[in-house]
Structure formats: C-alpha cells, structure tokens
Amino acid sequence: MRQPPPAGARLRAVIFDVDGTLVDSERHGHRVAFNQAFADLGLPDHWDEDTYGDLLAVTGGQRRIDGWLAQRGVPEDERARLAPALHARKTALFNELVAAGRVPARAGAGRLLAELAGAGVRLAVATTGSRGWVDHVLSRAAGGVAFEVVVTGDEVAERKPDPEAFTTALQRLDLPASAAVAVEDSANGLRAAAAAGLACAMVLNGYTAGDDVAGADLVLDGFGDPGQPASVLADPHRTGCTGVLDLATLRKLVLRPGP
Ligand code: XBP
Ligand code: MG
C-alpha cells in the first residue's frame, strides 16, 4: 500500500512508459514488424489486430514470441533458436517503421513533455521494450526533449507488471517514489508503477481501454490538448482535471491525500 507523501512533497520527476503511452506503437508498429519477421524467417504465423491485443498481456517481445510458439507446440530447443532470431529481425524492422514515421507520438504527449521540461521537472522512461529501438523512438517522437534516465526491458531481470523498471528508474534518479509520478497506458504498467510506490496517471488507448484500472490515481483516454480534451474516466483524488494532462494536474497527484 502506498504511503502518503511527506508534507511539502513536490513533483521532481515524471516516469513515462513508451509503448501505448508516449507513442502509438503496438497495432501499426510492433505488430507489423513481428508479422514481417515471421514471414522473413519463413514461418506461417501472423498476428491479426485482435490476436495481438490478447498477446499484449505478455510483456516483452521475445517472451511474447516464445509463448506463442510454445502454445502451438514448437519444441523448446527450436524456440530457443527461433525466438531470439525473430526478435532481432523484428527490432530491425520496427526501426525501419520508426524511420519512416510510422510510429507517431500520441496526441498531447509532446505538449506535456515540453511543459515538464520547461518547468525543470526531470524526465525518465521505464519501458518493457528493448534498447534496440527505444532510444530511436524517443529521439524521433519526443519533440526534442531529453530523458535523463531511460530504463529498458533488457536491463531488468523482471518485466512489468514487476516494479523493477520503475524502481531502477527511481534509483538512477536518486529520488523516492513520493517525488515522482508514473504515466502508463496498461494494467501491467499500472501494477508495476503502484508496486514501486508511485502515483500513476493512465492514458488509455484502443488496446487498453478495457484494462483493469482499479488503483489508478487518474484515468484519461489520452493526454488531451487545449481545445481537444481527452475524456476523464476516473479522478479519485478530485484533481479537477478537465481532460488535459498537464503539470498542474500531475503535481496534485504527488500531493494527493493518503488512502
Ligand atoms: C511494451 C511491451 C513490449 C512491446 C514490444 O509494454 O510489452 O514488448 O510490445 O517491444 P510496456 P519489444 O508498454 O508495458 O512497457 O519487442 O522490444 O519487447
Ligand atoms: Mg505501455
């Protein structure tokens, strides 16, 4: 259970998820790259949009491939060879999609990042995705802001919903959880952030709209922008957010009353 922040706590950092949060990457990005990798290696597998949505419950692309091959009966020694090869090919293909501009930032993400950077709030990333593409995406889709800390899935022992990516980010920031807020799109991400002791604002997307958001500190269906606000789906701490996730709102999550 999270503890209320100490009196005078203030927002020092925001830790963002990448896939589905900062960038709209899964349906027309990773999924497409996984399918092309299957084809390139001569495999018949193909993940349609609905199937891929179900497979997102397994975080980490290589684990996702391995689990898929296991459930269709591919022996372990063959999986041990195929899954890394498929994932390496998929990562190269995904980087090509990024370079082609096919992995866009979500609406409002750049606005929020610029506001936070301008106010001196430190920016970090905690993702289950791989280093092989994360920096590339951030350099293309983050509107030129720099992330001080970037923790990727291949440098932690346990992927989300385990909190390790978030606890590692906090260690590298040298901050307590009470000084930061996480921004996530999925139930796995929320569970990871909450287990790290972080307040968590959620920006749901098409794939995660049905996720369990119990325990989230704020739930919207996007970042929103002035003139184009997102829908506020839950505001348990009564921040008064009107559909634009901004610095003032995130500050209220750090200062939220205890449970
Ligand atoms: C993202 C993931 C990743 C991506 C694919 O989860 O689970 O596996 O789908 O990237 P989150 P990789 O947004 O919760 O971090 O293929 O590099 O794993
Ligand atoms: Mg995500």
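Only the coordinates and a few stated rules stand behind these numbers; no lab work does. Computed from a predicted structure; not experimentally measured. Every residue, glycine among them, receives a Cβ derived from its backbone with ideal geometry; neighbour counts consider all protein chains shown.
Computed from Cα positions, the angle between helix 164-173 and the longest principal axis of the chain comes to roughly 50 degrees. Stretching D135 away from V58 to a fully extended chain increases their span by 25.5 nm, per 0.36 nm per residue minus the current alpha-carbon distance. Across the chain, C-alpha contacts under 8 Å between residues 6 or more apart give a mean separation that, scaled by the residue count, equals a relative contact order of 24 percent. Angle of helix 76-99 to the longest C-alpha principal axis of the chain, folded into 0 to 90 degrees and rounded to 10: 60°. The charge dipole of the chain, taken about the Cα centre with unit charges on the Cβ atoms of Lys, Arg (+1) and Asp, Glu (-1), comes to about 720 debye, rounded to the nearest 20. Helical content of the chain, expressed as a calculated mean residue ellipticity at 222 nm, amounts to -11500 deg cm²/dmol (DSSP H runs of 4 or more residues, -39,500 (n - 2.57) each, divided by residue number, nearest 500).
With q set to 0.21 Å⁻¹, the log10 of I(q)/I(0) for segment 135-185, from the Debye formula over equal scatterers at the Cα positions, is -0.90.
Under 5 Å from the amide H of D246 lies no amide H of any residue 5 or more positions distant or on a separate chain, with H modelled from the backbone and absent for Pro and chain starts.
Centre-to-centre separation between the Cα atoms of segment 19-86 and those of segment 88-151: 21 Å. With a Förster radius of 51 Å applied to the C-beta separation of E148 and L41, the computed FRET efficiency comes to 0.85. Result for the chain in a Gaussian network model with C-alpha springs under 10 Å: among Q62, Q71, Q171, the largest mean-square fluctuation is at Q71.
The alpha carbons of the chain occupy a box of 58, 37, 31 Å along the principal axes, longest dimension given first. Taking a ≥ b ≥ c as the square roots of the eigenvalues of the alpha carbon gyration tensor, segment 84-184 is oblate, as a/c is not under 1.5 and a/b does not beat b/c. Around L116, under 12 Å between beta carbons, what's the net of Lys plus Arg minus Asp minus Glu among the other residues? Its environment carries a net charge of +1. Considering only beta bridges that DSSP places wholly inside the chain, some 15 percent are antiparallel.
Of all the options A214, A13, A109, the one that moves most in a Gaussian network model of the chain with Cα springs shorter than 10 angstrom is A214. Just to confirm the number: angle between the C-alpha axis of helix 61-71 and the first principal axis of the chain, 0 to 90 degrees, nearest 10? In the chain, helix 61-71 runs at an angle near 50 degrees to the longest axis. The stretch between Q228 and R102, if pulled fully straight at 0.36 nm per residue, gains 43.1 nm over its current Cα-Cα span.
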